[in-house]
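One structure is given here, and the rest of the page talks about it.
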Amino acid sequence: MEFRSAISRTLQLDDSDYSRFLRKGETDGKKNIPSAKTRTLGAYEKSIIAKKKSEWQKYDRGFNKEITTLETKIDENRHSIETAISNEIEDLSVEQQAEEENIENELGSSSAKFNYLETKLSEVSDDLSHIKSLLKRPLEIKYVQVYIPLLIALSITEIPVNQSAFQLFFGSQPGISYILAFAIGIMFVFFAHVCGDYI
């Protein structure tokens, strides 16, 4: 920065400066300037001090100007950042509101899916109440994971009995007897399941 380089030149005195001051002092001393009785500085010394004061005042003005410029930039950057953050928050709020409205329209209490599920729930509740009234006791439901494999096993165990009966009464071929026996076993198990559900 210019004001820094100016004060640096002022403060950095080299040998040529000291030599110039020394020669001027010797010249003024030969001329008795200032006189030995004088208690004030000579004109040359005063000019040096005045020049340094002027340079210092210039540096001080430049320094204060730079401070003002930096503070202005800081305020502008702060305002820009705050404005950007505020705009970002506003945009996010708008997006969030739009997402909430979409979710409400798709899954909320006024959506078609919600109304459909509410209707199905009402129907199922009515069916449940009807079943309870028929049973005249609380409804108990137990899901057994081996239920389906058990039905299949029962159908298979029916094959030997049914197959022997078909061969005995109808005299059919063994392959056809096995197919008919398996079909009858499935039918028996199916009817047993349906009767159990009805009861």
Residue list for the range 130-149, restricted to those being open to solvent by 70 Å² or more (accessible area, probe 1.4 Å), more than 51 Å from the chain's Cα centre (by Cα) and either among the hydroxyl-bearing types (Ser, Thr, Tyr) or at pLDDT below 75 (or both):
Arg137
Go through the residues of the range 92-114 one by one and say whether even a single one is of a type outside the set (Val, Ile, Thr), more than 23 Å from the chain's Cα centre (by Cα), under 30 Å from Pro138 (Cα atoms) and surrounded by 10 or more Cβ atoms within 10 Å (Cβ to Cβ).
yes
Matching residues in the range 40-83 (more than 27 Å from Asp28 (Cα to Cα) and basic (Lys, Arg)) number 5
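The values are calculated or read from the model by the stated rules, or taken from the named source; none is laboratory data. Model, not experiment: these values are computed from the prediction. Every residue, glycine among them, receives a Cβ derived from its backbone with ideal geometry; neighbour counts consider all protein chains shown. Heavy atoms of the whole protein, side chains included, go into the accessibility calculation; ligands, DNA and RNA do not. Shrake-Rupley method; radii C 1.70, N 1.55, O 1.52, S 1.80 Å.
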